[in-house]
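Below is one structure, written out as structure tokens; the observations come after it.
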Amino acid sequence: MEKPDFDVLQHFDSEKSSSYDQEIRKKIPGYEALHDLVHSLLKQHLGREAKVLVVGAGTGQEVISYALENPGWYIVGVDPADNMLDVASQKVASNHLEERVSLHSGYLNSLKAPSPFDAATVLLVMHFLPDDGEKQSLLMEVAQRLKAGAKLILVDLEGSKGSPEFEILFKLWKDYQLEKRSDKDDVEKDFEHILKDIGFVPQSRIEELLRQTGFSKIQKFFQSLLFGGYMAEKLP
């Protein structure tokens, strides 16, 4: 990850990090199904032994599930939010996964990995970056750490702000959260933040960024309101 314009570290403070696992399921329709699909895609592509890079490891949803279900996988999780990684570290320890899971506090450009990865996931990360070279830089950092033919799975908020399609889906998403969450004032604040700080780009731009950074065989596999999921392969 590259450093974003707004303060992600403050956004994921200690209180929000401790409640993240419960609250995120109220905010993203299909959250569980999304993670199941990503895991399934990785298992289709990878062998019994693999090295997987998780960009935006957060509270450890991915690293824990991948490691528990795939004893031959070694997982490296990267995240700049120490409060989130504290939660992930506790999960790693309680599941006795220290030998197969490594957590790196910081941005991706500070990660010194010993060898290329067989796959990488970048879930709910890139939309925090503006499309002024930072999105491209993040994907370049990922590409540089992957083997030729390695699988990349990217999930991000997407859309063209101001378009009729965006406005419809944005309202549906907000109404969904107003129904699921009791903190109505916080929902209003969250959506003010989303419009102000999230770097939305349309599907065509996401695909263009992937091609520009050395990926091919780009395929969209997931859509839930303004969330889109893509899989691609690192070019030789």
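All of the numbers you see were taken from the coordinates with simple rules; none came from a lab. The shown structure was predicted, so the numbers you read here are calculated from the model rather than taken from an experiment.
When averaged across all projection directions, what area in nm² does the alpha-carbon convex hull of region 128-200 cover?
With the hull built on Cα positions only, its mean projection is 6.5 nm².
Suppose we look only past 19 Å in the calculated P(r) of region 68-134. What percent of the Cα-Cα pairs does that tail hold?
Of all Cα-Cα pairs in region 68-134, 41 percent lie more than 19 Å apart.
Where is the GNM fluctuation largest for the chain (alpha-carbon springs, 10 angstrom cutoff): Ser40, Ser163, Ser216?
Of Ser40, Ser163, Ser216, the most mobile in the Gaussian network model is Ser163.
Volume per residue, Å³, of the convex hull around the alpha-carbon atoms of region 161-236?
105 Å³
Under 25 Å Cα-Cα from Lys161, which lysines qualify once same-chain neighbours fewer than 8 residues away are excluded?
Here the lysines satisfying the reach criterion relative to Lys161 are Lys3, Lys26, Lys27, Lys135, Lys171, Lys174, Lys180, Lys184, Lys189, Lys196, Lys220.
Compute the whole-percent fraction of alpha carbon pairs in the chain spaced more than 28 Å apart.
Above the 28 Å cut-off, the chain has 27 percent of its Cα pairs.
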